[in-house]
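Contents: one structure, followed by commentary.
The values are calculated or read from the model by the stated rules, or taken from the named source; none is laboratory data. If you're wondering where the values come from, they're calculated on a predicted model, not measured in any experiment. Reconstructed Cβ throughout: ideal geometry from the backbone, glycine too, with neighbour counts over all protein chains shown.
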Amino acid sequence: MYTTYEGFSTRKQVPFAPPVAGEPRIGPFLDVGPGRLDAETPPRYLDPWGMPYAYFAFDQSINAYPAHSWKGVTAYRQNGKPLHSQGFQIISSGPNKVFGPGGEWSPGQGVWAPGGSGGDDLSNFNHGRLAQQSE
């Protein structure tokens, strides 16, 4: 497995090109060391509390996230619209190590209330815990 990231090439036409001697690099933006991977096959990247992230990729061909769950969490939406619909969702279960259910997200209410199972979850579609929607 390749876990030595040396950043991106400054040659914009080939950002993933291997390093050339003396070339300045941008990054790395993700440093995956052996201590951040679990023992599963294939290994999964772990959040700061030692739990794997939930990851959902948006499918442009169906204009939705595929209808599946992982560890009981599904892709998030708000007001019926999928969040981060131009890419993917990454969700951490947070310090309590329990995922909220995903689905229709209501910040500060139900499972997303402070102290609820999903209230301390973190994601790439909100700055901060899911108990409160960022502006």
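This table checks each residue for (1) in contact with a Cys (Cβ under 6 Å, 6 or more places away or on another chain); (2) modelled with pLDDT under 95; (3) under 21 Å from residue 44 (Cα atoms).
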position	(1), (2), (3)
62	no, yes, no
66	no, yes, yes
70	no, yes, yes
82	no, yes, no
85	no, yes, no
89	no, yes, yes
105	no, no, no
113	no, no, no
133	no, yes, no
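Residue pairs, Cβ under 8 Å, 6 or more apart or interchain, first in segment 47-75 and in the same structural domain as residue 124 (by TED's automatic domain parsing), second part of a strand (DSSP E or B) and acidic (Asp, Glu). List them.
65/59; 66/59
Just checking, which of 122, 46, 130, 37 is within 26 Å of residue 7 (Cα to Cα) and touching a helix residue (DSSP H, G or I) at 6+ places or on another chain (Cβ under 9 Å)?
Sole residue among the options that is within 26 Å of residue 7 (Cα to Cα) and touching a helix residue (DSSP H, G or I) at 6+ places or on another chain (Cβ under 9 Å): 46.
Here's the yes/no breakdown for (1) part of a strand (DSSP E or B); (2) on the phi > 0 side of the Ramachandran plot; (3) under 14 Å from the mean Cα position of the chain (by Cα); (4) touching a residue at least 60 places away in the same chain (Cβ under 8 Å):
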| site | (1), (2), (3), (4) |
| --- | --- |
| 91 | yes, no, yes, no |
| 96 | no, no, no, no |
| 99 | no, no, yes, no |
| 108 | no, yes, no, no |
| 111 | no, no, no, no |
| 118 | no, no, no, no |
| 125 | no, no, yes, no |
| 130 | no, no, yes, no |
| 133 | no, no, no, no |
